[in-house]
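Please read the structure below before turning to the comments.
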Amino acid sequence: MSTATLDKPGSGSQQDASPYITVVFRIRRFNPEVSDEATWQDFQVEIDPKERVLDGLHKIKWDLDGSLTFRRSCAHGICGSDAMRINGKNRLACKTLIKDINPHKPITVEPIKGLTVLKDLVVDMDPFFQAYRDVMPFLITKGNEPTRERLQSAEDRERFDDTTKCILCAACTSSCPVFWNDGQYFGPAAIVNAHRFIFDSRDEAGEQRLEILNDKDGVWRCRTTFNCTDACPRGIEVTKAIQEVKRALITRRF
Amino acid sequence: MSAESPTAAGAVSDAVPQTSLYDVDNPAPVIEPPRKRTKKTPKTTRTNFELYGWLFMRLSGILLVVLVLGHLLIQLVLDGGVTKVGFAFVAGRWASPFWQAWDLIMLWLAMLHGANGLRTVINDYAERDTTRFWLKMLLYTATVFTVLLGTLVIFTFDPNIR
Ligand code: HEM
Ligand code: SF4
Ligand code: FES
């Protein structure tokens, strides 16, 4: 029952009904054209606690400091471009409400970890997508093309339903401590997207994908920390998907 | 943003230094993570080594629960605790092939389990290739030495040694 207080010093005294509160955004800034060091910068923003962190970032960029750099496209949790580390946890800025993350303390916003920081909150996603490409995330079949669609039973479709929901935001991979220390690890997102095809009854390259993930930087590096499952904005059971790939590898062998 | 909202207050602090060595034409190096993935990595080995290593950790773990907890119980709790442990106590137990086998299996499993566990820790945390290589060499040497010495002692133990 913590209601946001309205009478913050500085906010107009006539605006008792206003939903706005003052929130401090503490943002990790990095601009290689200015300095080789990243620093924290605080911004004070008047914001409705029912708005999102992305709205706060917009207010900063549009009204306070146009040099603040971050990615966003859809603003509705679909495109996966605004994963960032908010109060120490990976989330989508466009799906994180201010009221859900204690607006009475400064809200820290950092780029996701384990990828090269290019500017402010923008990281180089190439290594992430390289790992994605390396698991061959597309349907592979043998023989002639069927003359109509490839049929699949509802149960067969259900088998990999969870992992079809991935939006490739990298929240999971960049929350993984193994990935932080060794970017060679395929990472949860690549495994999730391999899972999507390995368990698809229409696909015929599951063996190849399993072989790729059986290698030293594949699924066996996973230490079951569940950071990825906690981070996923789509609610995918990421750790479970990784375990299912491990199980498939073991049952294939024995 | 809605027009009637109170306009946001100014930036609280301006932490970015104004004078600097770097500018648009001469940007600073970006902040890179260790061991970044590239187009050519990782190398494929096409073996099941990591699979067997992973399985071994779980299977040896199950056995170690019984072996290690049983060992600790016998050594530290039952029959008056640690104070009873001495040369005579060890000699008495190793007279039986059962306890010899128990200790031998525990030695091998715990050492290989611990060594493989440390191998994964080194792989995770040692960033430079040479550091990683030498740490693992040190680990393997220590492991082989301890396993061989322990095995030798269990098999050649002489209760009448002077
Ligand atoms: C008592 C029964 C034990 C059980 C059930 C057990 C189980 C496990 C398992 C399942 C792992 C793998 C963790 C992972 O892959 O994420 C592990 C890791 C490890 N174990 Fe054990 N273990 C036991 C005893 C021991 C002993 C006696 C040693 C020391 C000699 C040891 C040293 C290690 C090390 C160094 C690791 C790696 C740590 C890590 O992966 O973060 N364990 N253990
Ligand atoms: S599994 Fe979830 S957290 Fe990972 S990339 Fe896909 S949507 Fe993002
Ligand atoms: S902006 Fe598209 S997911 Fe957040």
Name the residue that is farthest from ligand 3 (Cβ to nearest atom), counting only residues in region A:209-239 that are touching a residue at least 24 places away in the same chain (Cβ under 8 Å) and surrounded by fewer than 16 Cβ atoms within 10 Å (Cβ to Cβ). A:ARG223
Among the numbered conditions (1) within 14 Å of ligand 2 (Cβ to nearest atom); (2) within 13 Å of another protein chain (Cβ to nearest Cβ); (3) not in a helix (DSSP H, G or I), tell me where A:LYS216 comes up short. (1)
If I ask for residues that are away from ligand 2 (no atom under 12 Å from the Cβ) and more than 14 Å from every other protein chain (Cβ to nearest Cβ), which ones from region A:168-209 would you list? A:PHE197, A:ILE198, A:PHE199, A:ASP200, A:SER201, A:ARG202, A:ASP203, A:GLU204, A:ALA205, A:GLY206
Residue list for region B:87-139, filter: within 12 Å of another protein chain (Cβ to nearest Cβ) and within 13 Å of ligand 1 (Cβ to nearest atom): B:ASN116, B:GLY117, B:ARG119, B:THR120, B:VAL121, B:ILE122, B:ASN123, B:ASP124, B:TYR125
Between B:ALA88, B:ALA126, which is away from ligand 3 (no atom under 16 Å from the Cβ), open to solvent by 70 Å² or more (accessible area, probe 1.4 Å) and among the small types (Gly, Ala, Ser)? B:ALA88
The correct count of residues that are buried (at least 22 other Cβ atoms within 10 Å of the Cβ), under 17 Å from B:THR41 (Cβ atoms) and more than 12 Å from the chain's Cα centre (by Cα) in region A:157-181 is 2
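Criterion first (open to solvent by 60 Å² or more (accessible area, probe 1.4 Å), in a helix (DSSP H, G or I), within 21 Å of B:ASP158 (Cβ to Cβ) and out of contact with any Phe, Trp or Tyr (no Cβ under 7 Å at 6 or more places or on another chain)) does B:PHE98 satisfy it? Reasoning before the result, please.
Details: open to solvent by 60 Å² or more (accessible area, probe 1.4 Å): yes; in a helix (DSSP H, G or I): yes; within 21 Å of B:ASP158 (Cβ to Cβ): yes; out of contact with any Phe, Trp or Tyr (no Cβ under 7 Å at 6 or more places or on another chain): yes.
Against the criterion (open to solvent by 60 Å² or more (accessible area, probe 1.4 Å), in a helix (DSSP H, G or I), within 21 Å of B:ASP158 (Cβ to Cβ) and out of contact with any Phe, Trp or Tyr (no Cβ under 7 Å at 6 or more places or on another chain)), B:PHE98 qualifies.
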Strands (runs of 3 or more DSSP E) lying entirely in region A:26-109 (those with 1 or more residues that are of a type in the set (Gly, Ala, Ser) and within 15 Å of ligand 3 (Cβ to nearest atom)): A:83-86
Condition (residue is at the interface with chain B (Cβ under 10 Å from one of its Cβ atoms), more than 16 Å from ligand 1 (Cβ to nearest atom) and without any contact (Cβ under 8 Å) to a residue 12 or more places away in the chain) applied to region A:69-82: is it met by at least one residue? no
A:GLN44 fails exactly one of the following numbered conditions: (1) modelled with pLDDT of 95 or more; (2) within 29 Å of A:CYS176 (Cα to Cα); (3) not acidic (Asp, Glu). What is the number of that condition? (2)
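The values are calculated or read from the model by the stated rules, or taken from the named source; none is laboratory data. Not measured: the values here are computed from a predicted model. Note that we place each Cβ from the backbone using ideal geometry, even for glycine, and neighbour counts take in every protein chain shown. Surface areas here come from the heavy atoms of the whole protein model, side chains and all, with no ligands, DNA or RNA. Shrake-Rupley method; radii C 1.70, N 1.55, O 1.52, S 1.80 Å.
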